[in-house]
1. How much FRET efficiency would the formula 1/(1 + (r/R0)^6) give for Ser95 and Ser26, where r is the Cβ-Cβ distance and R0 is 25 Å, rounded to 0.05?
2. For the pair Ala132 and Gln43, how long in nm is the line joining their label points, each one 7 Å along Cα→Cβ?
3. Work out, step by step, the length gained on full extension between Asp116 and Leu83: first 0.36 nm times the residue separation, then minus their alpha carbon distance; give nm to one decimal.
4. Using Cα-Cα distances under 8 Å and only pairs 6 or more residues apart, what relative contact order does the chain have, in percent?
5. Quick one, which of [x] 66, 35, 26; [y] 79, 29, 28; [z] 54, 41, 26 is the actual Cα extents along the principal axes in Å calculated for this model?
6. For Ala54 and Ala152, calculate 0.36 nm times their separation in residues minus their Cα-Cα distance, and state this gained length in nm to one decimal.
Amino acid sequence: MTDTTDDILSLLPSRLKEARRAQGLSLEAVANLSGVSRSMVSQIERGESSPTIATLWNLTRALQVDFAGLLDARAAEDRIDVLRAREVPVIDNKSAKCSIAILSPPEDVGGHEVYDIRFAPQGALVSAPHGAGTVEQLTVLDGSVEVTSGAAQDRLLPGDTARYPADVAHAITATEGAARVFLIVKSG
């Protein structure tokens, strides 16, 4: 084996473990999704077993990671992925009097989403229930907002943070003038 091959094989266990944890999956869940036994997944993650190409393929598909990227030694290099302000996708919702900047990568949709929302006076973002177990965390940056989740309701001022179920009808409303909030949506 070459030094490069040895480097790749030494990185593989930690890369697979990182990918599994990033998806929030247990060893059992990965085994069920991939068809690879739980004990084999565990051995591979501990570096006690080298997977066949077929096994590695099944694991990367179950973990929704790029096969080539997982093996690319350069992927382990220190790096910073930057989304420049001019590249941030923004949804202007004129009827709700708000604009929603999408700060999370597209692949995070339905998992862990991050938004910067700016409300015009009396702007309101009213949402139907998301999937079971979904939770939102909202921090007010400017102005004040009223958050409603089901029958619960609270007013938030700059610096306040609220966590609330989003698997029920919920809303964010600018109560006194313009407002800006930072919103994290974590699917259950």
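1. Numbers: r = 42 Å, r/R0 = 1.69.
After rounding to 0.05, the efficiency reads 0.05.
2. 3.6
3. Values: separation 33, 0.36 × 33 = 11.88 nm, distance 1.34 nm.
Difference between extended and current length: 10.5 nm.
4. Working: 341 pairs, mean separation 33.7, N = 188.
Dividing the mean separation by the residue count of the chain yields 18 percent.
5. Correct label, based on the coordinates given: [x].
6. Result for the pair: 30.2 nm of gain on full extension.
No value in this document is a laboratory result; all are computed from the given coordinates. All figures in this text were calculated on a predicted structure; none of them were measured in a lab. All Cβ positions, glycine included, derive from the backbone under ideal geometry; neighbour counts span all protein chains shown.
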